[in-house]
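The values are calculated or read from the model by the stated rules, or taken from the named source; none is laboratory data. Keep in mind the model is a prediction, meaning the values are calculated, not measured. In this analysis, Cβ positions are derived from the backbone assuming ideal geometry, glycine residues included, and neighbour counts consider all displayed protein chains. All accessible areas refer to the heavy atoms of the entire protein, side chains included, with ligands and DNA or RNA removed. Shrake-Rupley method; radii C 1.70, N 1.55, O 1.52, S 1.80 Å.
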Amino acid sequence: MLVNLRDICAIAEQNNMAVGSFNTPSLEAVRAAITAAERTGYPVIIAHAEGHEPFVPLDAIGPAMVALAERSSAPVCVHLDHCEHLSYMRRALEMGFNGAMFDGSFTPYEENVANSRRAAAMCAGYDCGLECELGSMGTRENGAGHENDHVGKAVYTNPEDAGEFVEETGADILAVSFGTVHGIYKGEPHLDFDVLKQIRERIGAPLVMHGGSGVSDADYKKAIDAGIRKINYFTYGAKFAGEAAEKTMKDMKARNADSVIYWQDLTMAAYDRLVEDFTHVIKVFANGANPVA
Ligand code: 13P
């Protein structure tokens with residue numbers, strides 16, 4: 001069933017847990033995230049990032065995301081991730097997306113506030129919760145996970161600005177920067193939980209961790225206990241799925257060098273691995289809470 005971003009994060013707040021927000025730029029990923037939610041009994045967010053348009057266009061995957069979410073037995077939010085253009089956001093909202101992130105984190109504070117307010121006014125006309133970002137992770141979500149993702153310097157969210165930002169923009173939930181990065185981690189992630197705690201003391205809005213894959217289970221728990229309610233997860237799941245497809249291909253060739261490798265051999269291996277990985281992290285993000293569905 002469809003549950004909007006505000007309400008799905010409220011479920012997380014009530015249960016001191018986080019909802020997994022999985023980028024789903026393929027039908028396999030959409031189905032895997034929803035299957036993992038149904039099997040575990042926890043809510044899930046399926047997300048299409050504007051930067052993933054080259055992988056699959058919004059017009060192609062968006063209607064499928066909404067249709068599969070509607071008929072799911074699990075609470076599912078269909079979310080637009082890292083949107084920088086309001087015209088693109090409008091298209092997703094018209095399609096039935098019920099969560100959207102306006103990402104003005106690469107612009108100066110005042111510009112970020114002004115554009116986030118425009119996004120809030122747009123979302124108010126739909127059954128849609130809004131996420132905004134303050135501070136910058138210094139990396140853009142483009143799914144490649146390489147060094148060229150780094151488009152600026154990471155700037156941790158200033159706790160002093162966070163309250164005012166949420167009030168001024170009308171954001172329902174806030175993405176914060178405290179040490180995670182998009183893409184593959186080049187070393188151990190070092191998260192600054194003090195920044196997170198200070199933000200949490202100042203605002204009541206649920207907080208979002210971007211760059212959420214590749215973090216240890218212990219750090220997920222600490223972040224959730226410090227107020228993170230939505231965890232954005234993409235890169236490592238996509239990597240595991242790629243490895244599963246590669247292994248399938250190698251195994252088939254090892255058994256018979258003349259094997260024909262069909263596309264669906266690879267997509268099925270990737271799907272199974274995604275279900276396994278998403279199921280694992282959804283349970284970690286539940287942080288000991290009872291299933292809700
Ligand atoms: P990862 O690259 O760590 O999976 O983060 C994804 C993300 O934050 C999407 O918004």
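Tell me the label-point distance for the pair Lys247, Asp194, using the 7 Å Cα-to-Cβ offset, in nm and rounded to one decimal.
Output for this residue pair reads 4.1 nm.
Carbon and sulfur together cover what percent of the accessible area of the range 1-116 at a 1.4 Å probe radius?
52 percent
Starting from the Cα of Lys253, draw a straight line to each of the aspartates and glutamates and keep only those under 16 Å, dropping any in the same chain fewer than 8 residues away.
Partners within reach: Glu243, Asp265.
For Ser73 paired with Glu111, estimate the spin-label separation in nm (one decimal), with each label point 7 Å from Cα along the Cα-to-Cβ line.
Distance between the two pseudo-spin positions: 4.9 nm.
Under the Karplus relation 6.51 cos²θ - 1.76 cosθ + 1.60, θ = phi - 60°, what is the ordered set of whole-Hz ³J(HN,Hα) values for the range 14-26, x standing for Gly and Pro?
With coefficients 6.51, -1.76 and 1.60, one gets 4, 10, 6, 9, 10, 9, x, 10, 9, 5, 10, x, 7 Hz.
State to the nearest 20 debye the size of the charge dipole of the chain about its Cα centre, where the only charges are +1 on K and R beta carbons and -1 on D and E beta carbons.
Dipole of the chain, to the nearest 20 debye: 660 debye.
For the chain, what value does the Rg/Rh ratio take when both radii are computed over Cα atoms and Rh is the Kirkwood radius, given to two decimals?
Ratio of gyration radius to Kirkwood radius for the chain: 0.97.
With a point put 7 Å past each Cα toward its Cβ, work out how far Glu201 is from Ala60 in nm, to one decimal.
4.9 nm
State, as an integer percentage, the relative contact order of the chain based on alpha-carbon contacts under 8 Å between residues 6 or more apart.
Dividing the mean separation by the residue count of the chain yields 23 percent.
Given R₀ = 35 Å, FRET efficiency for His280-His85 by Cβ-Cβ distance, to 0.05?
0.55
How much length, in nm to one decimal, is gained on full extension between Tyr262 and Ala121, taken as 0.36 nm per residue of separation minus their Cα-Cα distance?
46.0 nm
Just need the relative contact order of the range 229-293 here, percent rounded to a whole number, with Cα pairs under 8 Å and 6+ apart.
39 percent
Beyond 21 Å, what percent of the Cα pairs of the range 187-257 remain?
Percent of Cα pairs beyond 21 Å in the range 187-257: 44.
State in Å² the accessible area per residue of the chain; use a 1.4 Å probe, count heavy atoms of protein chains only, and round to the nearest integer.
Accessible area per residue, the chain: 42 Å².
Take the cross-link list Lys247/Lys283; Lys186/Lys283; Lys221/Lys247; Lys197/Lys239; Lys197/Lys221; Lys250/Lys283 and give me the ones stretching past 22 Å between alpha-carbons.
Long pairs (Cα-Cα over 22 Å): Lys247/Lys283; Lys186/Lys283; Lys221/Lys247; Lys197/Lys239; Lys250/Lys283.
Tally up the carbon and sulfur contribution to the accessible surface of the range 119-276 as a whole percent, 1.4 Å probe, everything protein left in place.
About 52 percent, which is the carbon plus sulfur part of the accessible surface.
Note down the accessible area of Tyr262, probe 1.4 Å, to the nearest 10 Å².
Only protein atoms counted, so the area is about 120 Å².
Between helix 235-255 and the chain, what is the angle of the helix's C-alpha long axis to the longest principal axis, kept within 0 to 90° and rounded to the nearest 10?
0 degrees
In degrees between 0 and 90, to the nearest 10, how far off the longest principal axis of the chain does helix 86-95 point, with axes built from Cα atoms?
60 degrees
Tell me, how many Å apart are the Cα centres for the range 256-279 and for the range 44-105?
26 Å
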